[in-house]
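Visitor: Pasting a structure here, questions to come.
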Amino acid sequence: MISSLVLQRIPENGTEPLGDEALAVCGASFCPDTNLTNANLDKPPQTQVYIMCGIYLGSAVLADIIIFFLLDPITLDPRKVDDVMDGKCSLKLVFATLRHLVNQPMQVLLIPLTMYSGVEQAFIAADFTKSYISCALGIWMVGFVMICYGVTDALCSFLFGRLVKYAGRVVFFAAGAGLHIGVQVTLLLWKPIPEQLALFFVLAALWGMSDAIWQTQLNALYGTIFSRNQEAAFANYRLWESIGFIAAFVYSYYLCVNTKIYILMSVLILGMAGYCAVEILEHRRKKQSTEITN
């Protein structure tokens, strides 16, 4: 909302109607080294940049003030505080994370899907906003379309967390994969044009719906499968998700959008194969545990 209101539609920030030639490079055809004649991708006036940065900085300062004065203090175990100050706690977590990765086959199987969680978030934040929204509509529309993505993501995260106990997590993982594959195929084939404004919002909402599944159910999966060693498990979760983020932003400067979408699809398929293997192993483990108990 802030970015769209600050980068409002004025001739100076490059949101004039475009011809077919300029729109031809938008979407899956967009490449970093393309010789652009698209005014929508011109840098906005420096004044608007300063205003937007000032608003974000002010929001961050206000948040710090609210936390400082209104958040209840957290009472910590003095022994744990000493370990943190000495660096022992961090070292223990690092070793526990590495040990968990080596000793848990299920963790290795979940790496591709965990990395996908980071890669897909990087794609929607960097490539979809630039190659589709900004290129076809203008930078002033990025905020409005991403509001649709964020609101859908938040609402579905709340809703899916309550529905999963009725449908089961396998159904939700399959639905999340199906949704993302469908949207990715659409992004490969679709040529974005301003006249199809509603489709930008629909695709953003569908991506947010699927992302809600990854963010809620993948966390729940880690908590369920690695219930005896959650600290190391979630450290691995954040590690591989962050590696996915980093990888996506690194190759973003060198690859065309269609190649990035193929990478997304490949990682997702590999991740779902690993997830299916995890479900099979977990089912066998529960079955063996039940037989031993009986």
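Visitor: I'm trying to understand the selection: among the residues of the range 110-133, which are over 18 Å from G176 (Cα atoms), surrounded by fewer than 23 Cβ atoms within 10 Å (Cβ to Cβ) and touching a helix residue (DSSP H, G or I) at 6+ places or on another chain (Cβ under 6 Å)?
Guide: D127, T129
Visitor: While we're here: Look through the range 120-175, keep the residues that are among the hydroxyl-bearing types (S, T, Y) and within 30 Å of N40 (Cα to Cα), and return whichever of them is modelled with the lowest pLDDT.
Guide: By that ranking, first place goes to S134.
Visitor: Quick check: anything in the range 201-218 among the β-branched types (V, I, T) and surrounded by fewer than 20 Cβ atoms within 10 Å (Cβ to Cβ)?
Guide: yes
Visitor: Which pairs turn up if I take residues in the range 225-240 that are under 20 Å from E120 (Cα atoms) and look for partners that are open to solvent by 10 Å² or more (accessible area, probe 1.4 Å) and among the basic types (K, R) with beta carbon separation below 8 Å, at least 6 apart in sequence or on another chain?
Guide: none
Visitor: Of the conditions (1) more than 29 Å from D33 (Cβ to Cβ); (2) without any contact (Cβ under 8 Å) to a residue 60 or more places away in the chain, V183 clears all except one; give me its number.
Guide: It is condition (1) that V183 fails.
Visitor: Any idea how many residues of the range 134-150 are among the aromatic types (F, W, Y) and surrounded by fewer than 22 Cβ atoms within 10 Å (Cβ to Cβ)?
Guide: Number satisfying all stated conditions: 1.
Visitor: Can you name every residue in the range 263-275 that is under 17 Å from the mean Cα position of the chain (by Cα) and either surrounded by 19 or more Cβ atoms within 10 Å (Cβ to Cβ) or of a type outside the set (V, I, T) (or both)?
Guide: L264, M265, S266, V267, L268, G271, M272 - these are the residues of the range 263-275 that are under 17 Å from the mean Cα position of the chain (by Cα) and either surrounded by 19 or more Cβ atoms within 10 Å (Cβ to Cβ) or of a type outside the set (V, I, T) (or both).
Visitor: Looking only at residues that are modelled with pLDDT of 95 or more and touching a Leu at 6+ places or on another chain (Cβ under 8 Å) in the range 180-193, which one is surrounded by the fewest Cβ atoms within 10 Å (Cβ to Cβ)?
Guide: Of everything passing the filter in the range 180-193, G182 is surrounded by the fewest Cβ atoms within 10 Å (Cβ to Cβ).
Visitor: Any residue that is touching a Pro at 6+ places or on another chain (Cβ under 8 Å), assigned to a helix (DSSP H, G or I) and farther than 24 Å from L163 by Cβ - is there at least one of those in the range 200-213?
Guide: Yes, the range 200-213 contains at least one residue that is touching a Pro at 6+ places or on another chain (Cβ under 8 Å), assigned to a helix (DSSP H, G or I) and farther than 24 Å from L163 by Cβ.
The values are calculated or read from the model by the stated rules, or taken from the named source; none is laboratory data. Model, not experiment: these values are computed from the prediction. Quick reminder, even Gly has a Cβ in these numbers, built from the backbone with ideal geometry, and neighbours come from all protein chains shown. Note: accessible area is taken over every heavy atom of the protein model, side chains too, but ligands, DNA and RNA are not part of it. Shrake-Rupley method; radii C 1.70, N 1.55, O 1.52, S 1.80 Å.
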